[in-house]
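J.: Here's a structure for you.
No lab work stands behind these numbers, since they all come straight from the coordinates. Only a predicted model underlies this, so the values are computations on that prediction, with no experimental measurement involved. So basically every Cβ, Gly included, is an ideal-geometry build from the backbone, and we count neighbours across all protein chains shown.
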Amino acid sequence: MKILVIGSGGREHALVWKLRQSPRVTKIYCAPGNGGIAGEAECIAVDVKSLDSMVALANRIQPDLTVVGPELPLMLGVVDEFTRRGWRTFGPSQAAAQLETSKSFAKEFLQRHRIPTAHYAICDSPEQLPDALAHFHAPIVVKADGLAAGKGVVIAKSKDEASHAAAEMLSGRMLGEAGARVVLEEFLQGDELSFLVVSDGERVAPLVAAQDHKRVGDGDTGPNTGGMGAYTTPSIIDEKMRDWLVTHIARPVVAGMKAEGAEYKGVLYCGLMMTARGPMVLEFNCRFGDPETQPILMRLESDLVEAMEASIDGRTSDGDFKWSNDSAVCVVMASGGYPESYEAGKKISGLDVAANVNGVKVFHAGTSQHDNAFYTSGGRVLGVTARASGLQMALDRAYEACSMIGFEGAHYRKDIAARAPKK
Ligand code: AMP
Ligand code: GLY
């Protein structure tokens, strides 16, 4: 069986790594992929911003299954387009992907279906801001409606700051079209949890939960990033909580989407805040998380191809995933300056020795390869991921591997999993 993975980051490297383990897979392509992925898949150029480009590629290589990594192709309707042509594709339709691509859609959907989320208001123009803001206490969370690559959320310490941020978004200066509508939200406190499920449009099968680390600095300081690391342990949530999240969040979302005529297939990523009032939805993503996918897939012991086919064929079941009781950790090594501007093209050393650390897999996020060497080509460069029977051992392994890898300006967080439940 031939598989095409669309995307180019650490998540896609982990998907390629895991999908390749299926005995059914004979050939795997990644488009466009990256320097590290090229060691495990045939990388082919594609423009993920262009449906035509993706259609032309799939037409040429005729994959038996296409797996879409990032949200942009899903927003463009790549699953609708491929499915219409009879090509088997894992992921949600354009209409279903609105759960991620429009935050106002997601908030109104959550309210219609009584799924727990923060109080909110939606504004389409600066004139609506004073009335809307009157209902909130600071801090206030201001969110651009559309996709903004992690730059669409401002946590404002005062109403003035919230008003200013919202007005900037609405003006189009800050984020273009994505900010033409804003969502104001009550600020929630608690631990964040990434809870992902696979759905066939009706049933859901949960993945093991994970926690991301969004801020660039230790102790959750500094600006937001795409994610500086993640971990998953058997005790991150207990069975009772997992069942609650399936019953009160994941299943109602999937049932609600079906009832509204936009059946949700693929991975549904529920970004949750575990508050004193219970778990609440912060956001949805219509795809696997990055970097959560790296440690999650290291704990997966069953065949990912089978689970994806079950989603496409409408036969998802609880038994689709078998998990190891190990813990897994991913530490992201980033370019100097990231998430602000950074220089690419720095030579990376030590990858060979790091790969030999027991239980470690180094996923490439932003690398290129030439002249027998790897070079940095993005903000997030590597996801150094380790698995072990206990969290501390997984951390030791991941950080030992990080200490062996070097490139000019490299930085990474030293406190991944510091908030993990102590057991
Ligand atoms: P989002 O893109 O909606 O996930 O927001 C990005 C990040 O902003 C989240 O991961 C949270 O850390 C933070 N955030 C979003 N919404 C809220 C909220 N209502 N209360 C507190 N923090 C939030
Ligand atoms: N790790 C957060 C995301 O994938 O959006």
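J.: Quick check: pseudo-label points 7 Å beyond the Cα along Cα→Cβ at Lys27 and Ser235, how many nm apart are they?
T.: Between Lys27 and Ser235, the simple spin-label model gives 4.8 nm.
J.: Stick to the Cα atoms of the stretch 173-266, pair each with every other, and give me the Kirkwood hydrodynamic radius in Å at one decimal.
T.: About 16.0 Å for the stretch 173-266.
J.: Show me 208-221, 355-368 ranked by packing, highest mean number of other Cβ atoms within 10 Å first.
T.: Details: 208-221: 18.3, 355-368: 21.6.
Per-residue Cβ counts within 10 Å, averaged per peptide and sorted highest first, yield 355-368, 208-221.
J.: When the Cα centres of the stretch 215-269 and the stretch 113-175 are compared, how far apart do they sit, in Å?
T.: After rounding, the separation between the Cα centres reads 22 Å.
J.: Taking 2.2 N^0.38 Å as the expected size of a compact globular protein, what ratio does the Cα radius of gyration of the stretch 75-216 give against it, to two decimals?
T.: Working: Rg = 17.0 Å, N = 142, 2.2 N^0.38 = 14.5 Å.
Rg over 2.2 N^0.38 Å, computed on Cα atoms: 1.18.
J.: Now a separate question. Applying the Karplus parametrisation 6.51 cos²θ - 1.76 cosθ + 1.60 with θ = phi - 60° to the phi angles of the stretch 293-303, what ³J(HN,Hα) value in whole Hz is obtained for each residue in order, glycine and proline being reported as x?
T.: 4, 4, x, 4, 5, 5, 8, 7, 9, 9, 7
J.: Separate question: Please state the shape class of the stretch 241-330: rounded when a/c is under 1.5, otherwise prolate if a/b exceeds b/c and oblate if not, all from the C-alpha gyration tensor.
T.: Oblate is the answer for the stretch 241-330, as a/c is 1.5 or above yet b/c matches or exceeds a/b.
J.: Then there is this: Expressed in nm to one decimal, what extension gain is obtained for the pair Glu186 and Ser158 from 0.36 nm per residue of sequence separation less their Cα-Cα distance?
T.: 8.9 nm
J.: Could you calculate the FRET efficiency of Lys322 with Glu42 from 1/(1 + (r/R0)^6), where r is the beta carbon distance between them and R0 is 41 Å, rounded to 0.05?
T.: On the way: r = 29 Å, r/R0 = 0.70.
Using R0 = 41 Å, I get an efficiency of 0.90.
J.: OK, next. Among the listed pairs Lys107/Lys151; Lys214/Lys414; Lys49/Lys143; Lys103/Lys151, which have their C-alpha atoms separated by more than 21 angstrom in this model?
T.: In this structure, Lys49/Lys143 lie more than 21 Å apart at Cα.
J.: On to the next question. Given H placed on each backbone N at 1.01 Å, which residues far from Ala118 in sequence or on other chains put an amide H within less than 5 Å of it?
T.: For Ala118, the qualifying residues are Val281.
J.: How far apart, in nm, are the 7 Å Cα→Cβ label points at Ala259 and Asp396?
T.: Inter-label distance under the simple model: 5.1 nm.
J.: Could you list the residues of the stretch 366-402 with an amide nitrogen less than 15 Å from a label point located 7 Å from the Cα of Lys347 in the Cα-to-C-beta direction?
T.: Correct set: 368-376.
J.: If you wrap a convex hull around the Cα atoms of the stretch 121-164, how much volume per residue is inside, in Å³?
T.: Considering the Cα atoms of the stretch 121-164, their hull volume per residue is 68 Å³.
J.: Along the stretch 191-200, what does the Karplus equation 6.51 cos²θ - 1.76 cosθ + 1.60 (θ = phi - 60°) give for ³J(HN,Hα), rounded to whole Hz, x for Gly and Pro?
T.: Coupling constants for the stretch 191-200: 8, 7, 9, 9, 10, 10, 10, 9, 10, 10 Hz.
J.: Please compute the volume of the convex hull spanned by the alpha-carbon atoms of the stretch 292-334 and report it per residue in Å³.
T.: Spelled out: Cα convex hull of the stretch 292-334, divided by residues, is 81 Å³.
J.: Rounded to two decimals, what is the ratio between the C-alpha radius of gyration of the stretch 311-391 and 2.2 N^0.38 Å?
T.: Details: Rg = 16.9 Å, N = 81, 2.2 N^0.38 = 11.7 Å.
The stretch 311-391 yields a ratio of 1.45.
J.: Where the centroid of each part is defined by its Cα atoms, how far is the stretch 47-108 from the stretch 280-344 in Å?
T.: Cα centres, the stretch 47-108 to the stretch 280-344: 18 Å.
J.: Using alpha carbons only, what's the Rg to Rh ratio of the stretch 79-128 with Rh from Kirkwood? Could you put the intermediate results ahead of the total?
T.: Details: Rg = 15.3 Å, Rh = 13.1 Å.
In the stretch 79-128, Rg relative to Rh is 1.16.
J.: Taking θ as phi - 60°, what are the ³J(HN,Hα) couplings along the stretch 175-188 by the Karplus curve (6.51, -1.76, 1.60), each to the nearest whole Hz, with x for Gly and Pro?
T.: With coefficients 6.51, -1.76 and 1.60, one gets 9, x, 3, 4, x, 4, 9, 10, 10, 9, 9, 4, 7, 9 Hz.
J.: Turning to a different aspect of this structure: Give the long-range amide H neighbours of Leu207: residues separated by 5 or more places, or on another chain, with amide H under 5 Å away, using H modelled in the peptide plane at 1.01 Å from N.
T.: Here Leu196, Val197, Val198 satisfy the definition.
J.: Mind jotting down the three principal axis lengths of the stretch 1-123 based on Cα atoms? Whole angstrom, largest first.
T.: Result for the stretch 1-123: principal-axis Cα extents of 48, 27, 25 Å.
J.: Note down the Stokes-Einstein diffusion coefficient of the chain in µm²/s, whole number, using a Kirkwood radius over alpha carbon pairs, 25 °C, and 0.890 mPa s.
T.: Numbers: Rh = 21.8 Å.
The calculation lands on 113 µm²/s.
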